[in-house]
Amino acid sequence: MSEEIVSELMRAHVYRLASSGQRVDGRALDEPRKLSVERSFVKTAEGSARAKLGNTDILVGIKMSVGEPYPDTPNTGVLSTSVELIPMASPTFEAGPPRPDAIELARVVDRGIRESKMVNMEKLCITPKEKVWIMFIDIHVLDYDGNLFDACSYGAVAALSSAIVPAKNAGLGDDFPLPIEHWPVSVTTAKIKDVLLVDPSLDEERMADGRLTVTTDENGDIRAMQKGLSGSFSYDEVKRIIETAQRVGRGIRPLLHT
Amino acid sequence: MEDVEHIEKGMKLIRADGRRLDGRKPDELRPIRIEAGVLRRADGSSYIEWGGNKVLSAVYGPREAHPRHLQDPARALVQCRYNMAPFSVSDRKRPGPDRRSVEISKVISEAFSAVVFSEQFPRTSVDIFIEVLQADAGTRCAGLTAASVALADAGVPMRDLVTSCASGKIDGVVCVDLNKDEDNFGDADCPMAIVPRTGEVVLLQMDGHLTYDEFQKAMDLSIGATRRIYEMQRDALRRRYSVTLEDILKEPAPAAQREEAEPPLSQDDFGPEGM
C-alpha cells in the first residue's frame, strides 16, 4: 500500500514538525482526523456505511445469507470479512487477487469485530449443526488517503450496527437487527523515527517505520492488536500507544452508534 | 452439539492446584529443542521442537531478487514464506497459502526486516522458509524462533537474533506459551517477538480479551520467556559452530589426513562392469 515515494523535503518537514509536537495538517500528535459516518448508504445491502476519515473514504456493505456452520462451532453464525483495494482508490492499487496488504487489513478488521464479540454470533444460529446466518462484511476502499485500518474498522462497525437480518425473505420469521453487544474501536498509531502519531495521514503512513493497531472495547479492555511495518517499538511505547488508543477510542465510539 | 458445548463451557484449563492441564505452572514453557544447520542445500537452516510443534526453517540468500521488478536498489528484501503441511493439523489443511499464512508470512518478514542489515545487499532478497510439519499452537513463534537461528546459520548479518513467544489468558489466568487446547478454549492469545539485546518489540499481535493490566502481565511473562529461549537459540548455534580444544587435538595431522581422505585407487574401486 505504500509504494509511492515521499520526497526528502516532505520527510524532513513531517519529521521536523512532529518532533516539536505538530503535524502538517495542524493536528496534535494524538488527534485523529475528522470522522464522518453515513449509515444505510446502499439499500441493496442488509446494512451499510460510508465512512470518511479525513479524505480516506470507504464503503462497507453487510450481506446476510443462510448457510452451514463450521463443524467446530455448530451453534454460532459465520463471519467473513474481505477488503477490496480497487484501482480507482489509489495509483498504487492494482486489479487482481488480494495482495498480502489487503489480506492483513481484512483480517485485522475481522479480528477486532470477532474478538470483541461485537455481534452475538450465537444468536445467529438457526438450527444447530445445520443452518446459521452467514454474515459477509465487504469493504470497498474508494479513496485511500492513509490509515485504512481504522477507516475500514469504523465503517464495518457502523455498517453492522445498522444491519437488519432479512429473516422474512428466508421464511424464518420477522426481520431483526443484528444482536450488537459491544463497540470495538480500532486506533492505529504510526511511528516515524522516535515520534508516535495517531491516525497517520497518507504521507505520514508512507514514511512510517512502524505501525500498531489497538482495538479496545467500551470498557477500555484490549480486544485485538496488530503491529506492522519493519520498525520496532519499545515496551514503553507499546504501553503509551495502548493508553492513547483507549482515550482516542472513547472519543470515536459515540460516532459509530446509531 | 452437546459435546462441543460441554467442552466449551465445562472444560477447566487450570487445575485445583493452580497448574495447567499439562502440569505446567503459568510461567512455564513447554520443552524446546533447537538444532542449527539441519539441511544440506539451504544457506542456513534449523529445526525446532517446541511442545508438540515441529517446525523446519531454511534461509537462502542474500541472492538476486526475482521477479526483478521487486528488487529494491537500496536494500535487500526480507521475504518469509510460512507454510503448514497438509498433515500438520488434525483436519487436513488444503495445501498452499491461505489468508492466515499470508498474514503470518507478512508479519514475520517485517519482524526480520527490523534486524537484518539489508542496506548491505541492494537488489537481493533474503528468503526465509518456515515449514510447519506438526502443529500444536504457537507455530508462528516457533517458526520465527527457528528462522532466526537459520538466518544466523546462513551468516546473514543481523543486529541480533529475534526471539518469539506468546502469552495468553486461560480461565482468567495469564499464562505463557499456550498449547492447542489452551489456545482453542482460552480467552486471549498475544504472540510477540523481541530483539533480546535491545528489548525492541518487532512483532505484536493479540486477539481475545485482556485488560490493560493483564496485557502488561502477559508481556512481562513473554519477555521473561524470550530470555530463556534466546539462550537456547545461542546454544544451538554454539553446538553447531563451536570448536573445542579437544576437536582440534582429535584432528589428524594434515599429511595423514590427505592420505586417509584419498586412498590410492585399486582395481576394487571399479564394479564388475569395469565402471
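Any read-out appearing in this document is the output of simple, stated calculations on the displayed coordinates, not a laboratory observation. Since the structure is predicted, the reported quantities are computational estimates derived from the model, not experimental observations. Here Cβ is always computed from backbone atoms with ideal geometry, including for glycine, and neighbour counts include all displayed protein chains.
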request  = List the relative contact order of region B:2-249 as a percent without decimals, with contacts defined as Cα pairs under 8 Å and 6+ residues apart.
outcome  = 21 percent
remark   = Along principal axes, largest first, the alpha-carbon spread of region A:8-256 in whole Å comes out as 62, 37, 30
remark   = Each label sits 7 Å from Cα toward the beta-carbon; between B:D171 and B:R123 the label points are separated, in nm, by 6.0 nm
inquiry  = How much of the pair distance distribution for the protein assembly as shown lies past 29 Å, counting alpha-carbon pairs only, in percent?
reply    = 56 percent
note = Projected onto the charge dipole of region A:8-256 (unit charges on the beta-carbon of Lys, Arg, Asp and Glu, signs +1, +1, -1, -1), the Cα from A:N219, A:F93, A:S161 with the largest positive-side position is that of A:N219
remark   = Here the relative contact order (percent) of chain A, from C-alpha pairs under 8 Å and at least 6 apart, is 21 percent
key: Farthest toward positive dipole pole in the protein assembly as shown [+1 Lys/Arg, -1 Asp/Glu at C-beta], among A:A245, B:M206, B:M219   = A:A245
inquiry  = Among B:I194, A:T56, B:N83, whose Cα projects farthest towards the positive end of the dipole of the protein assembly as shown, with charges put on the beta-carbon of Lys, Arg (+1) and Asp, Glu (-1)?
reply    = A:T56
ask   = Using only the Cα atoms of region B:1-143, what do you get for the radius of gyration and for Dmax, in Å?
value = 19.0, 59
key: Unit charges on C-beta of K, R, D, E only; dipole of region A:8-256, Debye   = 260 debye
query = Ordered by residue, what ³J(HN,Hα) values in Hz, to whole numbers, does region B:142-151 give under the Karplus form 6.51 cos²θ - 1.76 cosθ + 1.60, where θ = phi - 60° and Gly and Pro are x?
reply = 5, x, 5, 5, 5, 4, 4, 5, 5, 4
message = Compute the distance from the alpha-carbon center of region A:116-143 to that of region A:6-55, in whole Å.
response = 29 Å
query = Once the principal axes of the Cα atoms of region B:2-249 are found, what is the range along each, listed largest first in whole angstroms?
reply = 56, 50, 36
Residue-averaged [θ]222 nm for chain B, counting only DSSP H segments that reach four residues, each worth -39500 (n - 2.57) = -9500 deg cm²/dmol
remark   = Once phi for every residue in region B:60-71 is put through the Karplus expression 6.51 cos²θ - 1.76 cosθ + 1.60 (θ = phi - 60°), the whole-Hz ³J(HN,Hα) values, with Gly and Pro written as x, are 10, x, x, 9, 4, 6, 10, x, 4, 5, 7, 4
Residue-averaged 222 nm ellipticity for chain A, from DSSP H runs of 4+ at -39500 (n - 2.57), nearest 500 = -8500 deg cm²/dmol
inquiry  = Under a Cβ-only charge scheme (Lys and Arg +1, Asp and Glu -1), can you give me the dipole magnitude of the protein assembly as shown about the Cα centre, in debye to the nearest 20?
reply    = 820 debye
key: Estimated dipole of chain B in Debye, rounded to 20 [Cβ of Lys and Arg +1, of Asp and Glu -1, Cα centre]   = 520 debye
ask   = On a 0 to 90 degree scale, rounded to 10, what angle separates helix B:99-113 from the longest Cα axis of chain B?
value = 60 degrees
request  = Would you pull out the residues with amide H under 5 Å of A:E31's amide H, same chain only if 5 or more places away, H placed 1.01 Å from N?
outcome  = A:V198
note = Residues whose built amide H sits under 5 Å from the amide H of B:H209, excluding neighbours closer than 5 in sequence, are B:A188, B:D189
ask   = So what's the angle, to the nearest 10 degrees on a 0 to 90 scale, between helix A:235-256 and the longest Cα principal axis of chain A?
value = 50 degrees
Derived scalar couplings ³J(HN,Hα) [region A:215-227; Karplus, 6.51 cos²θ - 1.76 cosθ + 1.60; whole Hz; x for Gly, Pro] = 9, 10, 9, 5, 8, x, 6, 8, 10, 7, 9, 8, 9
